[in-house]
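> Got a structure for you, questions after.
Laboratory data are not the source of any read-out in this text; all were calculated from the coordinates shown. Every value quoted in this text rests on a predicted model; they were computed, and no experiment measured them. Please note: Cβ atoms are built from the backbone with ideal geometry, for glycine as well, and neighbour counts cover all protein chains shown.
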Amino acid sequence: MRKLIGLTAIVVICFFLGNCVQRFVAASQMVPQLAFPLSAAAHEFAAMLQPRFPQVPIRAQPPVFNGTDINIDLINQWLGDSSPEVFLTFDDGPSAEATVQILDVLQRHDIKATFFVLGSNVSRLPDVVQRIVAEGHELALHSHTHPNFLTLTREQKEAEIAQSLSLLHWYFPEVRIRWFRPPYGKYDQEVVDIAHDYGMCIAMFNEISTDNNSSAGEIARVVLNSRGKIMVFHDGQWPPLGRLSEAEAQLVAGLNRSVGIAKGRGAKFMTLSDYFGGFCP
Ligand SMILES: [Zn+2]
């Protein structure tokens, strides 16, 4: 009996210790996933308490037949400098601070956007993804671990897509995930086929002029000249918990400064499905 109590105490201590360490490590981005001898047992124990993710990918949405991908040809055909439509898209998130602050800005101005999330981040912050969905933004997929798909085998490509899509459907079974954006914009016909097979179409962009060195002023300028543009920003840098990275701070400030003015000048901020949904039924 004493042995059992001792063992239980050790497991509980490992669990809490492991949890704290994991949060700290995730926050400081020292390593993406905890690889820590002490926490191995704690992780197993924690996993027992978590909802079990399907080991075999679930197919919660039927394949797309005759879907049309949002590639540069389609964008050029349907959008131009005089189009009032503007599409804010955010890749690599969610993250604990940047995504939340971006959602605050969008909420203040009643603007909808599209979030291309990574499965590995979704499992860390399901509540932030919940907020994305609850506030009427579009949830879309950007893979599980952000690989260059051109370096993967067909099986690895499918695993990246299937596992992360399964994860999204595990948390949000009612949400249609219509778009897949391959990391670095790199993909081939196999990726297209797998995406369609899992009920998604590829969604690219035509505006990526801001980067990690862009100032808030530059970001605001781009947003104010964004008619007919599918714009890409990044919200997944994971700086220490409770803070924004410099690039994220500039992004939030740039959006804050510009989206209200752009809207006042007639820009129509939309999700990708608001405008292109019919191309990927
Ligand atoms: Zn990315």
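> Tell me, what HN-Hα J-couplings in whole Hz come from the Karplus equation 6.51 cos²θ - 1.76 cosθ + 1.60 at θ = phi - 60° for each residue of the range 158-170, using x for Gly and Pro?
5, 4, 4, 6, 5, 5, 6, 5, 4, 4, 4, 6, 5
> Now for a different question. Given H placed on each backbone N at 1.01 Å, which residues far from Lys268 in sequence or on other chains put an amide H within less than 5 Å of it?
Glu85, Val86
> Here is a follow-up. Quick one: net charge of Gly266's neighbours, Cβ under 11 Å, K/R +1, D/E -1?
+3
> Another question about this same structure. How high is the FRET efficiency from Thr145 to Arg108, r the C-beta distance, R0 30 Å, rounded to 0.05?
Taking R0 as 30 Å, the efficiency between Thr145 and Arg108 is 0.35.
> In addition: Give me, ordered by chain and number, the residues 5 or more places off Glu138 or on other chains with an amide H under 5 Å from its own placed amide H.
Ala113, Thr114, Phe115
> Also: Which entries of Lys186/Lys268; Lys229/Lys263; Lys112/Lys263; Lys112/Lys186 show an alpha-carbon separation above 19 angstrom in the structure shown?
Lys186/Lys268; Lys112/Lys186
> How many nm separate the modelled label positions at Leu224 and Asp197, each set 7 Å beyond the Cα in the direction of the Cβ?
4.8 nm
> Starting from the Cα of Lys263, move 7 Å in the Cα-to-Cβ direction to define the label point; list residues of the range 59-90 whose amide nitrogen is under 16 Å from there.
85-89
> Okay, moving on. Please compute the alpha carbon radius of gyration of the range 72-279, then divide it by the globular-protein estimate 2.2 N^0.38 Å. Two decimals is fine.
Expressed relative to 2.2 N^0.38 Å, the Cα Rg reads 0.96.
> Using a Förster distance of 25 Å, how high is the FRET efficiency between Arg243 and Val133, based on the Cβ-Cβ distance and rounded to 0.05?
The pair Arg243/Val133 has a calculated efficiency of 0.50.
> Quick one: net charge around Tyr184, please, counting Lys, Arg +1 and Asp, Glu -1 for every other residue with C-beta under 15 Å from its C-beta.
-2
> If you don't mind, another one. Give the Debye-formula value of log10 I(q)/I(0) at each listed q (0.15, 0.17, 0.22 Å⁻¹), with one equal scatterer per alpha carbon of the range 167-263, two decimals each.
Each listed q maps to, in turn, -0.80, -0.95, -1.09.
> Within 10 Å, count the other beta carbons around each residue, average over each peptide in 158-166, 218-226, 67-75, and list them highest first.
158-166, 218-226, 67-75
> I would also like to ask the following. Around Asp235, what is the net charge, scoring Lys/Arg as +1 and Asp/Glu as -1 over all other residues with Cβ under 12 Å from its Cβ?
-4
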